[in-house]
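Asks: Pasting in a structure now, in structure tokens, and then I'll have a few things to ask.
Readers should treat all values here as calculations from the given coordinates under stated rules, not as data from a laboratory. Every value quoted in this text rests on a predicted model; they were computed, and no experiment measured them. All Cβ positions, even for glycine, are placed from backbone atoms using ideal geometry, and neighbour counts span all protein chains on display.
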Amino acid sequence: MSLVAGGPVIPNFGQGSRCEQTNGWWCTDWLHAHWGDTLQPALVQHVELSAIAVGIGFALALVLALAGFRFRLLDAPIGFFADFLYTIPSLALFQLLVPLTGLTVTTVEIALVSYTLLILYRNMIEGLRAVPTDALEAARGMGLTRFQTLVRVELPLAVPAIVAGLRIASVSTISIATVAAFVIPQGLGNPIFIALRQDLFKTEILAAGGLAVALALTADALLALTQRVLTPWSRA
Amino acid sequence: MTKTAAELVFDEATKRYGDGDPAVDRLSLTVPAGEICVLVGPSGGGKTTALKLVNRLIELTSGDIRIDGRSIADVDVTALRREIGYVIQQVGLFPHMTVEANIGTVPRLFGRSKSWIATRSQELLELVGLDRSYGKRYPAQLSGGERQRVGLARALAADPPLMLMDEPFGAIDPIVRTRLQDEFLRLQAEVRKTVVFVTHDIDEAIKIGDRIAILRRGGTLAQYDTPATILARPADDFVAEFVGADRALKALALRTVGELELRESRDGGPLVSRETTLRDALALLIAEHAQSVVVTDGNGTRLGSLTREDILG
């Protein structure tokens with residue numbers, strides 16, 4: 001079974017500029033010519049794939065973390081399950097899923113979400129557990145219900161740990177999402193994959209890879225900024 | 001919020017964990033409305049347990065506790081806690097909330113508006129001796145003493161008729177602690193709450209308490225009385241030992257020179273103000289090898305003098 005679902009062939013490889021013909025490291029004319037039809041769409045797809053994966057992963061991990069936090073017995077099995085998912089090599093996981101969900105976005109998202117769970121879950125649980133006991137005793141003594149304590153005290157105090165988890169999960173998802181090109185012709189992995197097949201066209205590999213790195217760094221910086229805004233108290 | 005203070009009754013209150021010895025054993029005492037009852041005793045005496053029985057952080061095994069005649073078992077537990085101010089040694093301020101939001105915790109549970117809370121927190125900051133600008137700060141920006149003041153303001157926010165204070169000044173350095181004790185007494189003279197105050201420090205108990213309950217190991221009540229009575233007539237050897245061999249001196253600390261009848265005398269001697277305790281006056285006499293102290297009023301006018309014999313009664 002082919003892992004590649006008919007990606008578009010770069011039409012002008014071998015017949016473009018001199019830089020392209022000699023497989024140069026950084027062919028600006030190629031970049032200009034193919035930003036619109038190759039790199040930009042791939043970047044947008046990559047953002048979508050990653051954002052959906054981190055979003056769903058966040059929601060799932062939050063539910064699991066609240067369950068594991070409230071019912072301590074659940075923590076070990078949930079942690080083990082997330083551990084297990086995390087250890088499956090991504091290529092193998094894609095392969096395993098294809099017979100079930102086909103060469104689809106669903107396959108990619110299932111795999112990507114699986115990889116976010118461990119990091120997000122562990123950080124959320126640790127963040128919730130690190131809430132100072134004196135604050136909890138005060139909350140209880142003042143008559144906050146369990147739910148009020150969770151929403152007004154525990155979750156806000158866990159925000160730094162939760163965002164720390166989100167940052168790692170986002171960066172690693174953006175990185176792993178390049179492998180999605182083995183399943184669907186989407187994301188920044190796609191141009192890399194095509195360039196690999198076409199005598200290792202260096203400019204394209206570098207450009208797409210560079211965009212993935214830049215995207216990861218941007219996401220990381222945005223989340224760091226979000227945390228500063230959300231937790232003015234942590235700088236006090 | 002009409003009632004300012006409630007009467008608190010422990011009625012054979014008992015807490016037992018499993019089949020073990022009780023932590024609090026048939027504790028019966030009444031704290032009249034508006035008075036400070038200090039629970040004091042050695043560790044293992046069950047004083048903190050007794051305190052936490054009141055707001056049901058720990059549930060009674062048997063017996064009853066009544067606030068203004070109403071059994072705590074008959075009240076919804078969160079409603080009960082919202083009507084009782086609670087101050088703990090580690091303060092337990094919420095680090096992610098400003099001082100104002102911390103103070104507003106319970107009023108917010110009662111559905112008070114933002115502006116009501118802002119006004120109230122300003123009032124309370126003033127009451128506990130902090131500048132109004134503290135409202136916008138975070139707990140991490142405060143010193144230990146300031147945090148405990150905010151803790152006290154937070155406990156007072158919903159104007160509860162009863163306050164539970166669990167070693168509130170225990171983690172604060174001695175100089176600040178003395179100041180906080182003095183300010184707490186000044187504040188109590190203003191708000192007149194019923195207060196249950198736990199400490200392991202007998203000197204603090206004598207200073208703070210209108211009444212002192214001394215608990216012995218095993219959670220039984222050894223004596224419940226005013227500080228003066230406990231110092232003058234300890235119920236048994238345990239109490240006598242607990243209050244210390246210097247109990248006569250401690251008793252002197254309960255009265256000020258202004259309460260005694262002064263002699264007309266031209267004798268010289270060290271000057272003391274009317275608010276000086278008999279203990280401090282005596283200490284001064286000893287230190288200065290003097291025969292008498294001269295008592296003055298706030299303006300330095302000489303009111304009269306006291307000899308050692310006057311002080312020792």
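Asks: Angle between the Cα long axis of helix B:114-127 and the longest principal axis of chain B, 0 to 90 degrees, nearest 10?
Replies: Value to nearest ten degrees: 20.
Asks: Let me ask something additional. Any idea what angle helix B:144-156 forms with the longest principal axis of chain B, computed on alpha-carbon atoms, 0 to 90 degrees, nearest 10?
Replies: 60
Asks: Between residue B:248 and residue A:236, take the C-beta separation as r, use R0 = 51 Å, and let me know the FRET efficiency to the nearest 0.05.
Replies: The pair residue B:248/residue A:236 has a calculated efficiency of 0.55.
Asks: Just to verify a number: FRET efficiency for residue B:19 and residue B:73, C-beta to C-beta distance, R0 = 25 Å, to 0.05?
Replies: Given R0 = 25 Å and the Cβ-Cβ separation, E is 0.65.
Asks: Within segment B:126-204, which trypsin sites (Lys or Arg not before Pro) sit in a loop by DSSP and count at most 15 neighbouring Cβ atoms inside 10 Å?
Replies: Answer by residue number: B:192.
Asks: Also: Once the Cβ-Cβ distance between residue A:197 and residue B:119 is put in as r, and R0 is 60 Å, what FRET efficiency do you end up with, to the nearest 0.05?
Replies: The pair residue A:197/residue B:119 has a calculated efficiency of 0.25.
Asks: How about the protein assembly as shown: what cysteines have no other cysteine beta carbon under 4.7 Å from their own?
Replies: Here B:37 come out as lacking a disulfide-compatible partner, given the Cβ-Cβ threshold of under 4.7 Å.
Asks: Could you please state, rounded to a whole Å, how far the C-alpha centre of segment B:8-52 is from the C-alpha centre of segment B:260-279?
Replies: Answer, in whole Å: 42.
Asks: OK, next. Relative to the longest principal Cα axis of chain B, at what angle does helix B:174-191 sit, 0 to 90 degrees, rounded to 10?
Replies: With rounding to tens, the tilt is 70 degrees.
Asks: How large is the helix-only mean residue ellipticity at 222 nm for chain A, computed as the sum of -39500 (n - 2.57) over DSSP H runs with n ≥ 4, divided by its residue count, in deg cm²/dmol to the nearest 500?
Replies: -23500 deg cm²/dmol
Asks: If you average 1/r over all unlike Cα pairs in segment B:205-247 and invert the result, what Kirkwood radius do you get in angstrom?
Replies: 10.3
Asks: Which one, A:145, A:106, A:226, has the greatest fluctuation when you compute a Gaussian network model over chain A with C-alpha springs under 10 angstrom?
Replies: A:145
Asks: With +1 on each Lys and Arg Cβ and -1 on each Asp and Glu Cβ, and nothing else charged, work out how big the dipole of segment B:62-141 is about its Cα centre, in Debye to the nearest 20.
Replies: So the dipole magnitude of segment B:62-141 works out to roughly 320 debye.
Asks: Which of the chymotrypsin sites (Phe, Trp or Tyr not before Pro) across segment A:69-111 are loop residues per DSSP, with 11 or fewer other Cβ within 10 Å?
Replies: Here the sparse-neighbourhood loop sites are A:71.
Asks: What is the antiparallel percent of DSSP beta bridges lying wholly in the protein assembly as shown, to the nearest 5?
Replies: 55
Asks: Something else: Anything over 30 Å Cα to Cα? Flag those among B:136/B:207; B:47/B:114; B:114/B:207; B:47/B:193; B:193/B:250; B:15/B:250, in the order listed.
Replies: With Cα atoms farther than 30 Å apart: B:136/B:207; B:47/B:114; B:114/B:207; B:15/B:250.
Asks: Give, in nm to one decimal, the length gained when the segment between residue A:32 and residue A:214 is fully stretched (0.36 nm per residue of separation minus the Cα-Cα distance).
Replies: 63.7 nm
Asks: P(r) of segment B:155-299 in 5 Å steps, Cα pairs, percent per bin?
Replies: That works out to 2, 8, 15, 17, 17, 16, 12, 8, 4, 2, 0, 0, in percent per bin.
Asks: Taking the convex hull of the Cα atoms, report for segment B:1-62 its projected area averaged over all directions, in nm².
Replies: 4.8
Asks: With +1 on each Lys and Arg Cβ and -1 on each Asp and Glu Cβ, how big is the dipole of segment B:195-267 about its Cα centre, in debye rounded to the nearest 20?
Replies: The calculation lands at about 120 debye.
Asks: Mind jotting down the distance between the C-alpha centroids of segment A:174-213 and segment A:73-145, whole Å?
Replies: 28
Asks: Can you tell me the convex hull volume per residue for the protein assembly as shown, based on C-alpha atoms, in Å³ to the nearest whole number?
Replies: 220
Asks: Compute the Cα gyration tensor for chain B, then decide on rounded, prolate or oblate, letting a ≥ b ≥ c be the square roots of its eigenvalues: rounded whenever a/c is under 1.5, prolate when a/b is larger than b/c in the other cases, and oblate in all that remain.
Replies: The shape class here is oblate.
Asks: Right, next: Helices from chain A with mean Kyte-Doolittle at least -0.5 and a Cα length along the axis of 24 Å or more, per DSSP H: which?
Replies: Answer set is A:40-70, A:105-129, A:155-176, A:202-230.
Asks: Moving on. Using only the Cα atoms of segment B:222-313, what do you get for the radius of gyration and for Dmax, in Å?
Replies: 15.0, 48
Asks: Continuing with this model, one more query. Over the Cα atoms of segment A:28-231, what Rg and Dmax result, in angstrom?
Replies: In Å, with Rg to one decimal and Dmax whole: 20.0, 70.
Asks: In vacuum, with every alpha carbon of segment B:39-176 counted as one equal point scatterer, what does the Debye formula give for log10 I(q)/I(0) at q = 0.11, 0.20 Å⁻¹? Two decimals, please.
Replies: So the normalised log intensities are -0.44, -1.20.
Asks: Additional query: So in chain B, what percent of DSSP beta bridges are antiparallel if you round to the nearest 5?
Replies: Expressed as a percentage, antiparallel bridges in chain B total about 55.
Asks: Still on this structure, I have one more. Mean residue ellipticity at 222 nm from the helices of chain B, using -39,500 (n - 2.57) per DSSP H segment of n ≥ 4 over the full residue count, to the nearest 500 deg cm²/dmol?
Replies: -10000 deg cm²/dmol
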